1. Collect the residues in the stretch 93-147 that are modelled with pLDDT under 85 and among the acidic types (Asp, Glu), keeping them in residue-number order.
2. Residues that are β-branched (Val, Ile, Thr) and under 20 Å from Ser658 (Cα atoms): does the stretch 709-721 have at least one?
3. What's the total number of residues in the stretch 615-637 that are touching a helix residue (DSSP H, G or I) at 6+ places or on another chain (Cβ under 9 Å) and surrounded by fewer than 24 Cβ atoms within 10 Å (Cβ to Cβ)?
4. If His185 satisfies all but one of (1) under 30 Å from Gly116 (Cα atoms); (2) surrounded by fewer than 18 Cβ atoms within 10 Å (Cβ to Cβ); (3) in contact with a helix residue (DSSP H, G or I) (Cβ under 8 Å, 6 or more places away or on another chain), what's the number of the condition it fails?
5. Could you tell me whether the stretch 684-692 includes any residue that is assigned to a helix (DSSP H, G or I) and closer than 30 Å to Ala593 by Cβ?
6. Can you pull out the helices (runs of 4 or more DSSP H) entirely within the stretch 765-842 that have at least 1 residues that are over 22 Å from Glu874 (Cα atoms) and of a type outside the set (A, V, I, L, M)?
7. Evaluate the following for Ser123: is it assigned to a helix (DSSP H, G or I), closer than 17 Å to Val242 by Cβ, hydroxyl-bearing (Ser, Thr, Tyr) and in contact (Cβ under 8 Å) with a residue 60 or more places away in the chain?
8. For the structure I just gave you, tell me whether Leu404 is buried (at least 17 other Cβ atoms within 10 Å of the Cβ), at pLDDT 85 or above and under 30 Å from Lys278 (Cβ atoms).
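The values are calculated or read from the model by the stated rules, or taken from the named source; none is laboratory data. Here the structure is a predicted model, which means the values were calculated and not measured. Ideal geometry is used to build each Cβ from the backbone, glycine not excepted, and the neighbour counts take in all protein chains shown.
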Amino acid sequence: MKHTQRVSESEGLEENVNLSMFSGASNLSVHDSTFTNVAGDYNIITKNNYNYNYNWKPINIVEIRNWLKAPDPSTNFVSACDKKTSGTGEWIFSQQEYIQWCQGPAGLLWIQGKVGSGKTILSSTIIENLKANPAVKCYYYYFDNRDNLKTKTNARGLLQSLLLQMATRTEGGAHPALHELYTTHKQGSMEPTTKELSSMLVAVAKDLSPAFLILDAMDECSEANDVFKHLALLKDKLCIAVTSRYNAESSYGVSWSIHLDQAGRDFHRDVSSYLKDKLSHRQLKPDLFTEIVNSLTKGAQGQFRWVDCQVTVLQRCATPKAIRDALKKLPKTLEETYTVAIERLKTIQLLMWLAYAFKPLSIAAVTEILAVDLDAQEFDPDARTYDILDSTLITVNGEKVVQLAHNSVKEFLTQIQGQNYLRKLVEINEHLAHSTICQTCLIYLLQFDSEKIYNFWWDYPLAEYAAEYWPLHMERLQTELPESEHAKNLALALVKDSSAMQFVNWIRIHAPDQEDSYEAYKPSLHPSKISTPLLQSLTEYLLVGNMADVNAKGGRYGNALQAGAIQGNKDIVQLLLAHKADVNAQGGEYGNALQAASSKGDKSIVQLLLEHRADVNVQGGKYGNALQAAACDGSKGTVQILLENNADVNAQGGQYGSALQAAASQGDKDIVQLLLEHKADVNAQGGVYGNALQAAAIKGNKDTAQLLLEHRADVNAQGGVYGNALQAAAIKGNKDIVQLLLEMNADVTVQGGRYWSALHAAAYQGGKDIVQLLLEHKADVNLQGKYGSALQVATYRRNTDIVRLLLENKADVNLQGERCVYALQAAACDGMKDIVQILLEHGADVNAQGGTHGNALQVAALEGNLHIVQVLLEHKADVNAQGGEYGSALQAASRTGRMDIVQLLLEHKADVNAQGERMGLLLEHKADVNMPGGCYGNALQAAALQRKKDIVQLLLEHRADVNMQGGYYGTALQAASFQGTEDIVQLLLKHKADINLQGGEFRNALQAAAYGRNKHKKKKKKKKKKQKIVQLLLEHKTLQYH
């Protein structure tokens, strides 16, 4: 790639171009934001260093994706790449503006062109070119007005997508700033604000230079002004390229600009390349092909989309004459092209779906849509249409997704109402489309009247969409129009009887309030399923008509009132209360409606429920009571309202035990202060963290911890997951809290909790400074816990610095830990040569016995750590020490097949007694081939089990005892019979193996063969092999069954 390498001199250069929008925007920079507290967590590198080495935080990438809910621009990128042919758009690489943009300094390149001029294809060409250079970071986004959920047309969707691209790794891990934001938003249970997303993007982008950002179709963004405000914050970090139409807002300062109609664009070459690819199967004569290229290039007037549409028509022409006739009748504009296409289209229903559906539709789903008869209100499987082909208006991508062929198609459809001549052909408007889709979904769902949904619903590919989105389409309807009445009647038919199988199956397919949508559904109040903002009119209709019991119980939220409260719908809550809903009804995830509303910090609903005499102190649910729920949410206003209404500040129960612990766990000093002013018990025990101080220590909020201590919190109080506050602070690496607790006389030797002691926790966490601090306060360096000593923990965690520190403070290097393991064994297992060397230098017993694998040498041999084996042998490890699962180091190395380690051990005079495929090497060293030991008894049995005929032959030639007994399978013959290796069975029998010997797992060889055959009865080949072995054994006069 020629043009993506940034010039090294660019660092420190001042921009000499006029960026009117970008200038003066630095006052919004991240330096004054909440993210400065993580600046020390990663290494900022120079702009010309392409190794991004800041310390990414381990985190489940799926959790981050689910939290950010970012739109996926890769679908647009892949679709564009699939459409373009080789060489398309590469003319831009020779444009001076593009070259300057690539070389920097950071700035904005604006590429503009008319509708359908190929801007999206050009964007994809640029992205491909940039991504081809591994030294360059390239990020991209496509605005797309075909997205009816609007996530690809607003600024928030852009920020979410860029954060996911820039601040996460596919293999797992997140930028520390994003990790911090995720943590502060209750581990992803709360959404970040758009301002937070923007600040986070700046924090992340500053570590990515040099980097490029490509934004396609800015004219399809409904919040272009907001987007440019966010981009202004990145003016010094990224090279940004934007494509748009000419009529897009372009008053912002740009560094470089390319107009597709004026640039040195070889449109003729792009058209020729495209047509050559699309018409390659026609074997056209050169003169006819040239005529097609010239006609389409001239007629297109720079609109590549127009060319694409005409190709669809030309591909249907069977003869050269038909092609020439078509060329003479080409429509003059895109609008005229679409009008002709609509005249030919058989079903307008599909266009409505593609224009207004809330998610892309598969071919399979489209076949279902076309089989729904709206007039007869029925679904007819025999009406399914399987021939869904690309056309001028509709396209099918490589993933078998059907969509409008171009965003200009949707614009054309939405403008039909203003064109009288088009309205005579077809009527499409948003209301009619949503009504049509809603009715189609409901008719589709009403067919599911069978109880055995698990047996057939996968065969109905529209089921998931219909179940999830019919309420969203219904929300878009204007209630006074007749089409709305049709949809409402169908909706009532679905929901009015909660015991009907259609309703039950709807909930099973997509239950709005079920963790598991497909769990068996117990009929319960259906308003709790549908009382959302989307279905308020239905809810009212059901209640007014006495068609639903407002206080019926069931579902995740227990009742309709709690469901409405948790969704924050005050109108629904008011409606239900007006129809005498029980304000104190118990059940569901949050116990009652008041706790549900409090958990969301919804002051208006909390106040409304209290006005209807909700019991402020009722117990139950996730948080135990409403006050704890509000404290956990961090809503000081809600906490204040509840306290003013006589909430019990010391009520026990729930996840955090008390409201004070809940507030402390969130690091919310203001709410902690408020609760203490209302005489909250600072030492109340209970909850996951045991007490409020431990909760604050975990959060790492020093001010909150200080406040609790000033109110006489017991610094040594026991309980909770970490045992005490000191251990909690140590495991979280909160040095300031550890220092504070020690100053308040925290007992450094107290035992208990998940990590047993604060020192163990610090050693595990890797905080050397905290370990040092604890040791200075007389922590017992040799205290034994369930993970052994702190030294063993540090060794297990591979922390060389802490290992040295502990040894310098007189840690016992030969102390046995969990399962009798020594620190040296742990280091040998993990391949930590440096730590092994340190431990040996401090007097570690190289031959200490204990644990599953006996000694350090056997562990290292088993794990294949050659360098560790070498170090141990140099320190006089006993090469023939017996013990452990594999008996000796040599057997362990042989078991794992490490020839290099086997050779090394033999050079150090190991007593040869190994199993498996390394026997030839061992026999050369005069091993006792019949020596018993290990789980397979002897080498012959092990070789037979591993199906190594050559080794079996070798052992027998060296006088291995063919009938030697022991081990799991008793004899070598039984092992070979079980495995079904006929040639080895024959070999053993030839050497007079006794088929009647008793012992082992299967008692004798015949039973082993029979069991092996039955075990693999579904595999025909193995079954035949086992039958042959049974027959072979019987022919040698085996035991007879009685």
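1. Asp147
2. We begin by selecting, within the stretch 709-721, every residue β-branched (Val, Ile, Thr); these are 715, 721.
In the following step, the residues that additionally are under 20 Å from Ser658 (Cα atoms) were identified as 715, 721.
The answer is yes, given that some residue of the stretch 709-721 is β-branched (Val, Ile, Thr) and under 20 Å from Ser658 (Cα atoms).
3. Result for the stretch 615-637: 10.
4. If we test His185 against (1) under 30 Å from Gly116 (Cα atoms); (2) surrounded by fewer than 18 Cβ atoms within 10 Å (Cβ to Cβ); (3) in contact with a helix residue (DSSP H, G or I) (Cβ under 8 Å, 6 or more places away or on another chain), just (1) comes out false.
5. Among the residues of the stretch 684-692, at least one is assigned to a helix (DSSP H, G or I) and closer than 30 Å to Ala593 by Cβ, which makes the answer yes.
6. So the answer is 768-776, 790-796, 800-808.
7. Numbers: assigned to a helix (DSSP H, G or I): yes; closer than 17 Å to Val242 by Cβ: yes; hydroxyl-bearing (Ser, Thr, Tyr): yes; in contact (Cβ under 8 Å) with a residue 60 or more places away in the chain: yes.
Taking the combined requirement at face value, the residue satisfies it.
8. On the way: buried (at least 17 other Cβ atoms within 10 Å of the Cβ): yes; at pLDDT 85 or above: yes; under 30 Å from Lys278 (Cβ atoms): yes.
Yes, satisfied.
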